[in-house]
1. Excluding GLU114 itself, what net charge comes from residues whose Cβ is under 13 Å from its Cβ, given Lys and Arg +1 and Asp and Glu -1?
2. Projected onto the charge dipole of region 58-209 (+1 at Lys/Arg Cβ, -1 at Asp/Glu Cβ, origin at the Cα centre), which of SER143, GLY65, GLY174 gives the Cα projection farthest towards the positive end?
3. Which length gain, in nm to one decimal place, applies between HIS159 and LEU201 when the Cα-Cα distance is subtracted from 0.36 nm times their residue separation?
4. From a point 7 Å beyond the Cα of LEU173 in the direction of its Cβ, which residues of region 144-165 have a backbone N at a distance under 18 Å?
5. Among DSSP beta bridges lying fully in the chain, give the percent that are antiparallel, nearest 5.
6. Note down the net charge around ARG259, summing +1 for each Lys or Arg and -1 for each Asp or Glu among other residues with Cβ under 13 Å from its Cβ.
7. Report, to the nearest whole %, how much of the accessible area of region 96-179 belongs to carbon and sulfur atoms, 1.4 Å probe, protein only.
8. What does a probe at ASN76 reach in region 82-96, counting residues whose amide N is under 14 Å from the point 7 Å along Cα→Cβ?
Amino acid sequence: MPMEWTRLGYVPGQVLRMFGMRRSGNHAIANWLQRNAPTGQSVFLNNCKPNTDPLNTFRSIEVDGKIAPHRRALRNLSSIAGRVDDNAMLLFSYEDVTPQMFASVQAVSGPFDETLLTGDVLVYRSFLNWAASLLKKMQANDSYSLLRRNAILLQAIDHYGVLLQQVEEADELGFTCICYDDWVRSAKYREMVLDQLDLPLRDNSLGQVQSYGGGSSFQKQASSADELETSRRWQKMAEDPEFAAILNLAAHDAKLTPRLERLFPRDAALLARIVGANPSPEKGTS
């Protein structure tokens, strides 16, 4: 038996590793994947620390879709994860990073044996709705100054662009991609993704709103994902001057915009109009 499974406390069937930027529907999709686990049982290690062993550095843990004692699991993972039977799904996730960001230095999962993986999953979301949701979330945090908030957001946009690059290279890399916008909109799309991952269709609903990160940035009272208006986030931020400033910078990013043109042409068209109304910051006078 691999050392990883001895520490885990059971021998998993499907072993999925998931990547996605914050506010991209990661936890909704993680919950959906667990609800469609082949045996109906699962362990989810949430938001693991990059470059380290995911079995040691997860920020929270779920067993069969329910929050389990985190500190106890960090001390003795098998005492918590071992509650499930062999062949239960193992899912572990990373936020705001992609495998490419660490490939030249160290494996993103540190010493974890990647040959044990069944597959890698990349979760991504349309740029305007993602950026609006992330900014709205940070604006609610009084500990962030305007400058710190926007420094974090601009770095996140840079990482978002790298993620889109890997989405475009997914066939070559062997990744399964899940576009959150399509996932919310189409049951047939969700069925297609389950088929790609060799998962049975047990529960193809959107499920309940997940509590991670404080839930929805815009609709705090929503309990069912069906209530969320996730495709209209950017319109609700359209008059926000901070959001406009961020979009102006993003609109002039020569690496980001071509990827948006291919993956999210509507977002790219709006940014192109912003470029037409504003000169590039790189061409300003000193």
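The values are calculated or read from the model by the stated rules, or taken from the named source; none is laboratory data. Remember, it's a predicted structure, so these values are computed and weren't measured experimentally. No Cβ is skipped: glycine too gets one built from the backbone with ideal geometry, and neighbour counts run over all protein chains shown. The accessibility values were calculated without ligands, DNA or RNA, using every heavy atom of the protein model including side chains. Shrake-Rupley method; radii C 1.70, N 1.55, O 1.52, S 1.80 Å.
1. It works out to a net charge of -3.
2. SER143
3. Details: separation 42, 0.36 × 42 = 15.12 nm, distance 3.23 nm.
That pair, HIS159 and LEU201, stretches by 11.9 nm at full extension.
4. The answer is 156-165, whose backbone nitrogens lie closer than 18 Å to the label point.
5. About 30 percent, rounded to the nearest 5.
6. On the way: positive: LYS255, ARG262; negative: ASP158, GLU168, GLU169, ASP253, GLU261, ASP267.
Overall, the nearby charge balance is -4.
7. Exposed carbon and sulfur together represent 49 percent of the surface.
8. Of the residues in region 82-96, 82-83 have backbone N under 14 Å from the label point off ASN76.
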